[in-house]
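Read-outs throughout are calculated quantities, based only on the coordinates presented, and are distinct from any laboratory measurement. No experiment lies behind these values; they were computed from the predicted model shown. Cβ placement follows ideal geometry from the backbone for every residue including glycine, while neighbour counts extend to all protein chains displayed.
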Amino acid sequence: MAYEYEPVNRDPNRCKASISGEGKYGSFHAHQCSRKPWKDGWCKQHHPDTEAARRKQNEERYQQKRALSPLSQLYRANEEIVRLKARIAELESVQPVGEQKEA
C-alpha cells in the first residue's frame, strides 16, 4: 500500500506515493515516486484503485493455490469421511422394510 508523500518539497509533477529507496539505508529513508501522475496525483502502479485490484487478484490466486494444496485436500477428504460415517450410522439405524422389531 502506497502512502502519500508529505514533505513540504513535494513535486506536484510526480506521483504522490512515498516509497522506500534502495541501497544500504534505503528502507529507512522514504522518497517520492519518480513516475508522472496518472490519476488523482498517483501513478498507475500506486493508485489506490490499482493497488486494490492487484490485492484482490493476488488473494484469488492464493485461494486457488490453497484449495489445490495437499493439506487442503486432506482436510476436505477427512470432512467427507466424517459425513459418510454419519450417513452409514443413520442408514444402519433404519429398519429394513418387511422386518419387525422383536419384543
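Determine the alpha carbon to alpha carbon distance for each of 36/56; 16/56; 16/44 and list only those over 21 Å.
36/56; 16/56
7 Å from Cα along Cα→Cβ at both residue 95 and residue 55: what's the point-to-point distance in nm?
6.1
Based on Cα positions only, what radius of gyration and what Dmax would you give for the range 3-93, in angstroms?
24.7, 79
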